[in-house]
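K.L.:
The structure follows.
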Amino acid sequence: MKSVTYKIGNTTIYIEGPDITNEEREQRIYEIKKIIWENWCEMRVETQKKSRT
């Protein structure tokens with residue numbers, strides 16, 4: 001588990017990551033990359049449509 005502490009003014013924020021296996025971590029990274037790729041492709045198509053008009 002990874003822990004991070006942020007101090008902003010008088011506020012302290014503690015964040016603790018979940019205990020996950022490397023396999024779970026890799027699966028999450030894969031899913032994030034897939035979503036980013038799909039969004040990028042969609043934005044590219046929209047940009048091309050706008051530039052044609």
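K.L.:
From the residues Ile29, Thr12, Val45, which one has its Cα farthest along the dipole of the chain in the positive direction, the dipole being from +1 and -1 charges on Cβ of Lys/Arg and Asp/Glu about the Cα centre?
P.N.:
The listed residue farthest towards the positive side: Val45.
K.L.:
Hey, another quick one. In percent, how large is the relative contact order of the chain, given Cα pairs closer than 8 Å and 6 or more residues apart?
P.N.:
22 percent
K.L.:
Please give the charge dipole size of the chain, origin at the Cα centre, charges +1 on K and R Cβ atoms and -1 on D and E Cβ atoms. Round to the nearest 20 debye.
P.N.:
That gives a dipole near 460 debye.
K.L.:
Angle check, please: helix 22-52 long axis (alpha carbons) against the longest principal axis of the chain (alpha carbons), in degrees 0 to 90, nearest 10.
P.N.:
Long axis of 22-52 versus the principal axis of the chain: about 30 degrees.
K.L.:
Per the Cauchy relation, a quarter of the hull surface: what is the mean projected area of the convex hull of the alpha carbons in the chain, in nm²?
P.N.:
6.3 nm²
K.L.:
222 nm [θ] for the chain, helices only, -39500 (n - 2.57) per DSSP H run of 4+, per residue, to 500?
P.N.:
-21000 deg cm²/dmol
K.L.:
Next up: Can you list the aspartates and glutamates whose alpha carbon is less than 20 Å from that of Lys49, not counting same-chain residues fewer than 8 positions off?
P.N.:
Answer for Lys49, where 20 Å is the Cα cut-off: Glu38, listed by chain and number.
K.L.:
In nm, to one decimal, how far is the modelled label at Ile13 from the one at Glu26, with both set 7 Å along Cα→Cβ?
P.N.:
Result: 3.2 nm between the two label points.
K.L.:
Lys and Arg at +1, Asp and Glu at -1: add these up for the other residues within a Cβ distance under 15 Å of Lys50 and post the number.
P.N.:
+1
K.L.:
Now for a separate question. Residue separation times 0.36 nm, minus the C-alpha to C-alpha distance between Trp37 and Val4: what's the value?
P.N.:
Residue separation times 0.36 nm, minus the Cα-Cα distance, leaves 9.0 nm.
Computed from the coordinates by the stated procedures, all read-outs in this text should not be read as laboratory data. All values derive from a computational prediction rather than experimental measurement. All Cβ positions, even for glycine, are placed from backbone atoms using ideal geometry, and neighbour counts span all protein chains on display.
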